[in-house]
Every structure is written in structure tokens, then in C-alpha cells.
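Q: Dropping a structure here in C-alpha cells format, bear with me for questions.
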Amino acid sequence: MGPRQCEVCKDAQSKYKCPSCLAPYCSLVCFKKHKEIPCVKAVSPEPKPCPIKLPEKPCQVDEPTLLLQKERLESLAFSSEVREALKDVELQNVIGKIDSSTGT
């Protein structure tokens, strides 16, 4: 997605976005003109449910306080940052090795 045209003057390329409605504008003059008419805060779409099912794998740990609560695990599954990081092939390989290990 490249630069957009200023929605105020319709002449210049936009460099900025309104913090409320995200309308592109090119200068302070255009921003002030845009603010003369109240704008509405942009609504982000609701996050879609994650199709990931968390495995019900038995887990043995020495320190139970180190286990994450189910709600925290679910929030990690919905995290866009985590999902983006999981696209890394090296990280996928490391996780695969950990997951397939028998533990000692």
C-alpha cells in the first residue's frame, strides 16, 4: 500500500493520517482544515476467532507456577505479533524439536 492523496486538498500526496479517523492529509494547513469538521474515530474490525485448537497434552513440570493459565495461552494464540513471529522457519524448526522431544 503506497502513499495516498490528501483527502483535504486532493492535490498533494499525503504524509500524515488523522489520529481520530485516519484520513490522509499532507500538511498542517490541511490538518487544521480537516479538524474544522468533527471526524469520527476509525473503528477497527473485530478480531476473528482463532481457528487454532490448543492441544490437551499432558504436561509434567517441576514447578507448577511456571505453567500459563488457559486464558493467557488463548491470548497468545490470538496475538498478531506471535502469529507473525511463527512464520519464521527457524523458529518453527526449534518449536518442532521441542514439541517432539521426550524430555529428560
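The values are calculated or read from the model by the stated rules, or taken from the named source; none is laboratory data. What you see is a predicted model; the values in this text were computed from it and never measured. Neighbour counts are summed over all protein chains in view; Cβ atoms, including those assigned to glycine, are modelled from backbone coordinates with ideal geometry. Quick note on the areas: whole protein, heavy atoms, side chains included, nothing else; ligands and nucleic acids left out. Shrake-Rupley method; radii C 1.70, N 1.55, O 1.52, S 1.80 Å.
Q: Please count how many residues of segment 10-39 are touching a residue at least 24 places away in the same chain (Cβ under 8 Å) and not basic (Lys, Arg). Write out each step before concluding.
A: Going through segment 10-39, the residues touching a residue at least 24 places away in the same chain (Cβ under 8 Å) turn out to be 30, 33-34.
Going one step further and asking which of them are not basic (Lys, Arg), we end up with 30, 34.
Count: 2.
Q: Of all residues in segment 74-84, how many are surrounded by 11 or more Cβ atoms within 10 Å (Cβ to Cβ) and out of contact with any Cys (no Cβ under 6 Å at 6 or more places or on another chain)? Spell out the reasoning first.
A: Step one: list which residues in segment 74-84 are surrounded by 11 or more Cβ atoms within 10 Å (Cβ to Cβ), which gives 74-79, 82-83.
So of that shortlist, the ones also out of contact with any Cys (no Cβ under 6 Å at 6 or more places or on another chain) come out as 74-76, 79, 82-83.
Total meeting the criteria: 6.
Q: Would you check which residues across segment 20-37 are assigned to a loop (DSSP other than H, G, I, E, B) and open to solvent by 100 Å² or more (accessible area, probe 1.4 Å) and list them?
A: Selection gives 36, 37.
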